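Working notes, structure below.
The values are calculated or read from the model by the stated rules, or taken from the named source; none is laboratory data. Treat the numbers as computed from the prediction; the structure is a model and nothing was measured. Don't worry about glycine lacking a Cβ; one is built from the backbone with ideal geometry, like all the others, and counts go over all protein chains shown. Side chains are part of the model used for accessible areas, which takes the heavy atoms of the whole protein and leaves out ligands, DNA and RNA. Shrake-Rupley method; radii C 1.70, N 1.55, O 1.52, S 1.80 Å.
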Amino acid sequence: MSKTLQNDLLIRAALSQSTERPPVWMMRQAGRFMPEYWEIKNKYSFLEMCKTPEIAADVTMLPVDLLDIDAAILFSDILVTGEAMGGELSFEQGVGPRFGNPVRTQADVDRLETDCLDKLQYVADAIRVIQERLAGRIPLIVFAGAPFTILSYLVEGGSSKDFKRTKLMLNNEPALAHQLLQKIADVTINYLNMQIDAGVNAVQLFDSWALALSWNDYREFAHYYNKYILDNIKRTVPVISFCKGSSVFAPIMAEANPDVVSIDWNADLKNIKQTLPAGIAVQGNLDPFVLYADKQVIERKILELFERMRGENGFIFNLGHGIMPDIPFDNVKHAINVVKGFRY
Ligand code: CP3
């Protein structure tokens, strides 16, 4: 697939090949910091947008057309797997995601379906529309939520600051947690394989809230299932593994054998890369809050990172986490122009 791409910088960097400059894309690039996003969002609910392939494609294309970015990421959400399994998912303005029927008991876990790929067909449809529109210009990244992070939303019934109920389940009822994680992992494998079959160019696994876990719990409740997923999906496209906490967990993440580990902004990216096995690329790791700052500051911080990474193959520029909704569009555009103007 990458052979037919006009701009394959992301694929080459993901495969640790040399590139003339780092490729750039940004987590949450298809979102609320763009006025054009709101023009669409004001007409539809978030889930309607995700589930209508033409609209999902429109939103996916916004940063492609307006930011001239090096990769598109499918407009969707990590929680759609939880919904397909039976979670009553809603997104409310100012509240964030909610599951109306939290999963807390054995009966709740038993009720969750694993044979639910038919409910996610809209994603394969969206991928086909997007690939037609991209016409090989840049790669399309798709994604799934990692089992631990999806478990946390199912158990808490939404976002959480402290993951109290989640940790209570891991500590008091580890066997139940493992059953739930296994079910999510099986759905995730089918879901990612469906997306790979639909013709995507790269995959990112989001384990956003792994940061909450201790080293041993990360290994037992997160890493084990992420590795199981990476071992069981079709490895025909590069796989990026992301979590908040990756500056701590990167060595374990590498054991799951992703092509790329995405690093949060707490760590020195070069030091992390040099501790990883050869052939594993890194993605990151600008603090997204830098994008609120003056343009000269944005430029200086990006160039400092690039200076630090000079001579390293296998580097994809991204933020350490997603773009915040109130970051000025012009600042994001400026950051991308800085990257695109850079040459090693
Ligand atoms: O990156 C992209 O542009 C692609 C689309 C994308 C969204 N969510 C769109 C979205 C992706 C890759 C995600 C992943 C996602 N969703 C994650 C992992 C990434 C991360 O940030 O760690 C998580 C944890 C979620 C769960 C989720 N979805 C939350 C917590 C929220 C609310 C966020 C908030 O700040 O209020 C969402 C909603 C969501 N997902 C929006 C978008 C554009 C906002 C929807 C709206 O317009 O109201």
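Helix 329-341 versus the longest principal axis of the chain: what is the Cα-based angle in degrees, 0 to 90, to the nearest 10? That helix lies at roughly 60 degrees to the long axis.
Rg of the Cα atoms in region 81-190, relative to 2.2 N^0.38 Å, amounts to 1.20.
If I take all pairs of Cα atoms in region 215-332, what percentage of them are more than 25 Å from each other? Within region 215-332, distances greater than 25 Å cover 27 percent of Cα pairs. For 224, 344, 37, the ranking by accessible surface with the largest value first comes to 224, 344, 37, using a 1.4 Å probe.
Sum up the charges of everything whose Cβ sits under 13 Å from the Cβ of residue 13, counting Lys and Arg as +1 and Asp and Glu as -1, but leave residue 13 out. Once all neighbours under 13 Å are counted, the net charge is -2.
Determine the relative contact order of region 207-344: mean sequence separation of Cα pairs under 8 Å and six or more apart, normalised by residue count, in whole percent.
Relative contact order of region 207-344: 20 percent.
The orientation-averaged projection of the convex hull spanning the C-alpha atoms of region 70-135 amounts to 6.2 square nanometres. Quick one: with all protein chains in place, what share of the accessible area of the chain is carbon or sulfur, to the nearest percent (1.4 Å probe)? Taking all protein chains in place, the chain shows 48 percent carbon and sulfur surface. About the centre of its Cα atoms, region 1-91 shows a dipole size close to 220 debye [charges on the beta carbon of Lys, Arg (+1) and Asp, Glu (-1) only; nearest 20 debye]. Hull volume per residue, based on the alpha-carbon atoms of region 269-344 and their convex hull, is 83 Å³.
Using the 1.4 Å probe convention, the accessible area of the chain works out to 40 Å² per residue with neighbouring protein chains retained.
Positive end of the charge dipole of the chain (Lys, Arg +1 and Asp, Glu -1 on Cβ, about the Cα centre): tell me which of 198, 24, 117 has its Cα farthest that way. Looking along the dipole axis, the top candidate is 24. Just need the Rg to Rh number for the chain, please, alpha carbons only, Kirkwood Rh. Rounded to two decimals, Rg/Rh equals 0.94. If the reach is capped at under 23 angstrom between alpha carbons, list the lysines near residue 340, excluding any in the same chain fewer than eight residues apart. The qualifying lysines are 3, 270, 273, 295, 301. Around the Cα centre of the chain, unit charges on the Cβ atoms of Lys, Arg, Asp and Glu (plus for the first two, minus for the last two) sum to a dipole of about 660 debye.
Loop exposure criterion: GluC sites (Glu not before Pro), DSSP state outside H, G, I, E and B, at most 12 other Cβ atoms within 10 Å. Applied to the chain, the longest stretch between such sites is 114-344.
Report relative contact order for the chain in percent, whole number only (criteria: Cα-Cα under 8 Å, sequence separation at least 6).
Normalised by residue count, the contact order of the chain is 22 percent.
Note on region 220-312: dipole from Cβ charges, positive end direction compared against 222, 233, 247; the farthest Cα belongs to 233. Scoring 286-294, 70-78, 121-129, 243-251 by mean Cβ neighbours within 10 Å over their residues and listing the highest first yields 70-78, 243-251, 121-129, 286-294.
What FRET efficiency, computed as 1/(1 + (r/R0)^6) with R0 = 30 Å and r the Cβ-Cβ distance, is obtained for residue 107 and residue 162, rounded to the nearest 0.05? In this case the efficiency is close to 0.75.
A helix-only calculation puts the chain at -13500 deg cm²/dmol for mean residue ellipticity at 222 nm, using -39500 (n - 2.57) for each DSSP H run of at least four residues, averaged over all residues.
Here the calculated FRET efficiency for residue 234 and residue 114, from their Cβ-Cβ distance with R0 = 25 Å, stands at 0.85, rounded to the nearest 0.05. Computed over the alpha-carbon atoms, region 34-103 gives an Rg to Rh ratio of 1.01, Rh here being the Kirkwood radius from the mean inverse distance. Value of Rg to Rh for region 1-156, rounded to two decimals, is 1.01; Kirkwood radius and Rg both from alpha-carbon coordinates. Note on residue 292 and residue 313: the extension gain reaches 4.7 nm, defined as 0.36 nm multiplied by sequence separation minus the Cα-Cα distance.
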